[in-house]
Amino acid sequence: MSVDGALAWLDSHDQVSIDRWMEWLRIPSVGTDPKFDPDTRKAAEWCRDHLRESGFEVDLVETAVPEKGHRGQPVVFGHSPADPGYTGPRILFYGHYDVQPPDPLELWDSPPFEPVVKPAEGKVGERVVARGAQDDKGQVTMFLEAMRAWKETSGKAAGGVPFTVLIEGEEESGSVNLERFVEAHRDELAKCDVVLISDTTMLGRGRPAITYGVRGLVYTEFTLHASDQDLHSGAWGGKCPNPLNELAKTLAKLWDEDYRVTIPGFYDDVAPLTEEERAEWKKLGIDEVEQLADIGLGPDGDVGEKGFTMTEREWARPTCDINGMWGGYIGDGAKTVIPSHASAKVSFRLVANQDPKKILASFKQWLAEHTPKGCRWSEVADHGTGLGVTLPLDSDYLQAARRALKRVSDTDVAMIKSGGSIPVAGMLKNTLGLDTIFMGFGLEDDRIHSPNEKFELSSFRLGARAHVAFIQELLEMG
Ligand SMILES: [Zn+2]
């Protein structure tokens, strides 16, 4: 049993691996749309059978509760037995087999569920084009093929490393049943030490990366009320509160001149950015001026919290944003109205170790303390909170994944974070206390969720090889 044997197996089975991946892509598993339910189930069965052939003990677990009227797609759930001598960590592999609806169909160059291999053109390499090519069937297939390679060459599932696999069919529709599933299978899941997810991107072409942190999220909406009716601005302007004026004035107080959020305690739990991380990120050579140019801004568009670069602000600092504000008259022409109320949507992106519930409570408190004279807030609606997750850079699991990726890519592995949020990872942290390694191989131009989604063969091969090498690292960790 050796990593070289498994890597050689991948090389010699390249075409059959790609064929299997394309076979899965032909099953239109649009989880959100009931008319695709039979196909979505077929895609789950396909995945289950693949894992069984690789020595996993795996079944479909239903999530639907028909008597309560709950729809749901089955979870592919199971494990690989541990080698008797194995003392390393148990890994929870999470992925999803459902895909986004392919619409608008007319914008596809080839039918979304008839995958094709297209040759390289310009910067874009040889690739498979289909719905799900990357997100997430392509990325999950890298894992599946790596498991097959170890089974074929060592005779053991996952080379003897104990994995728990949880591959769901509702990710693209909000993972509505997942938390309940996790609670119901807590005993099995709590045995795991860390989560592995392949659903993220690299830093760029030829720049493999491991994402070790994503941000959390708090999203709110509220209304400020004054008079019990809309008013004439000639008769009432300057005599009583205008909720739009007051809302604008109040929300403007959310930041100081250095673009720091003014809510008391907002930064209390923020893990400080270490000098080591700062230095590592600087070495990545991210061109922030070019990033601004891509969105039509000059270098003076670099606006945000003082004392941090754009990348640092995205990866290590929390932010607050007004996402919408409305009230009064917004139709054509003029209407001299003083509205009775005005509304806003405000969200926060959070970093380690901020607690979304605490931030939500302190924002509500801040609003109450800043109630404009003569006005009142209506109930603050909570549009969802999500916990961010961050693994310390010196985590043994992270270092093992990094060594694995370096072994197969022969290049430095970028350790990056994402300013976005991955709710599943936050939920697994919240319910099971598990951290997540995001080892993904996507590219920014993969067009996930869009027509002509693709995944490049070089990404697919690198990902399969990285997962093979990761097994070896885990075997050596014990
Ligand atoms: Zn997606």
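Here is a yes/no grid of residues against (1) outside any loop (DSSP other than H, G, I, E, B); (2) assigned by TED's automatic domain parsing to the domain that holds ALA235; (3) β-branched (Val, Ile, Thr); (4) surrounded by 12 or more Cβ atoms within 10 Å (Cβ to Cβ):
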| residue | (1), (2), (3), (4) |
| --- | --- |
| LYS282 | yes, no, no, yes |
| ALA293 | yes, no, no, yes |
| GLY296 | no, no, no, no |
| GLY304 | no, no, no, yes |
| PHE308 | no, no, no, yes |
| GLU312 | yes, no, no, yes |
| ILE322 | yes, yes, yes, yes |
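Yes or no: segment 336-354 includes at least one residue that is buried (at least 17 other Cβ atoms within 10 Å of the Cβ) and either at positive phi or free of Cβ contacts under 8 Å to residues at least 24 places away in the same chain (or both). No, segment 336-354 contains no residue that is buried (at least 17 other Cβ atoms within 10 Å of the Cβ) and either at positive phi or free of Cβ contacts under 8 Å to residues at least 24 places away in the same chain (or both). The test for being polar (S, T, N, Q), under 30 Å from GLN291 (Cβ atoms) and either at pLDDT below 95 or in a strand (DSSP E or B) (or both) does not hold for THR164.
Only one entry of ASP228, ASP199 meets the criterion of being more than 16 Å from the ligand (Cβ to nearest atom) and out of contact with any Pro (no Cβ under 7 Å at 6 or more places or on another chain), and that entry is ASP228. Looking only at residues of segment 359-383 that are part of a helix (DSSP H, G or I) and within 22 Å of the chain's Cα centre (by Cα), we find that the one that is surrounded by the most Cβ atoms within 10 Å (Cβ to Cβ) is ILE359. Looking across segment 21-80 at every residue that is part of a strand (DSSP E or B) and touching a His at 6+ places or on another chain (Cβ under 8 Å), the one that is surrounded by the most Cβ atoms within 10 Å (Cβ to Cβ) is identified as VAL58.
Note on segment 433-462: residues that are under 16 Å from the mean Cα position of the chain (by Cα) and in contact (Cβ under 8 Å) with a residue 12 or more places away in the chain total 14.
Go through the residues of segment 402-418 one by one and say whether even a single one is out of contact with any Cys (no Cβ under 7 Å at 6 or more places or on another chain), surrounded by fewer than 18 Cβ atoms within 10 Å (Cβ to Cβ) and either under 22 Å from ASP256 (Cβ atoms) or aliphatic (A, V, I, L, M) (or both). No, that holds for no residue. Scanning segment 440-458 for residues being touching a Pro at 6+ places or on another chain (Cβ under 9 Å) and buried (at least 24 other Cβ atoms within 10 Å of the Cβ) gives a total of 2.
In the set (1) in contact with a Lys or Arg (Cβ under 7 Å, 6 or more places away or on another chain); (2) outside any loop (DSSP other than H, G, I, E, B); (3) farther than 20 Å from PRO162 by Cβ, GLY420 fails one condition alone, (2).
Can you go through SER395, SER409, SER418, SER458 and tell me which one is within 16 Å of the ligand (Cβ to nearest atom), of a type in the set (Ser, Thr, Tyr) and in the same structural domain as SER17 (by TED's automatic domain parsing)? First the steps, then the outcome.
Details: SER395 fails: within 16 Å of the ligand (Cβ to nearest atom); SER409 fails: within 16 Å of the ligand (Cβ to nearest atom); SER458 fails: within 16 Å of the ligand (Cβ to nearest atom).
Just one listed residue meets the conditions, SER418.
Let's see how each residue does on (1) free of Cβ contacts under 8 Å to residues at least 60 places away in the same chain; (2) more than 18 Å from the chain's Cα centre (by Cα); (3) assigned to a loop (DSSP other than H, G, I, E, B):
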position: ALA82; (1), (2), (3): no, yes, yes
position: GLY88; (1), (2), (3): no, yes, yes
position: TYR94; (1), (2), (3): no, no, no
position: GLU106; (1), (2), (3): yes, yes, no
position: ASP135; (1), (2), (3): no, no, yes
position: GLN139; (1), (2), (3): no, no, no
position: MET147; (1), (2), (3): no, yes, no
position: TRP150; (1), (2), (3): no, yes, no
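When the criteria are applied in full, GLU126 meets the requirement of being away from the ligand (no atom under 16 Å from the Cβ), in contact (Cβ under 8 Å) with a residue 40 or more places away in the chain and farther than 26 Å from LEU51 by Cβ. For ASP228, state whether it is over 16 Å from SER340 (Cβ atoms) and either surrounded by fewer than 17 Cβ atoms within 10 Å (Cβ to Cβ) or in contact with a helix residue (DSSP H, G or I) (Cβ under 8 Å, 6 or more places away or on another chain) (or both). So ASP228 fails the test. What are the residues in segment 112-167 that are in contact with a His (Cβ under 6 Å, 6 or more places away or on another chain), buried (at least 24 other Cβ atoms within 10 Å of the Cβ) and not hydrophobic (A, V, I, L, M, F, W, C), if any? Correct list: ASP136 only.
Set side by side, the residues PRO272, PRO264 differ, and just one is assigned to a loop (DSSP other than H, G, I, E, B), without any contact (Cβ under 8 Å) to a residue 24 or more places away in the chain and out of contact with any strand residue (DSSP E or B) (no Cβ under 6 Å at 6 or more places or on another chain), which is PRO272.
The values are calculated or read from the model by the stated rules, or taken from the named source; none is laboratory data. For clarity, every value in this text was computed on a predicted model and none was experimentally measured. For neighbour counting, all protein chains shown are included, and Cβ atoms are generated from backbone atoms with ideal geometry for every residue, glycine included.
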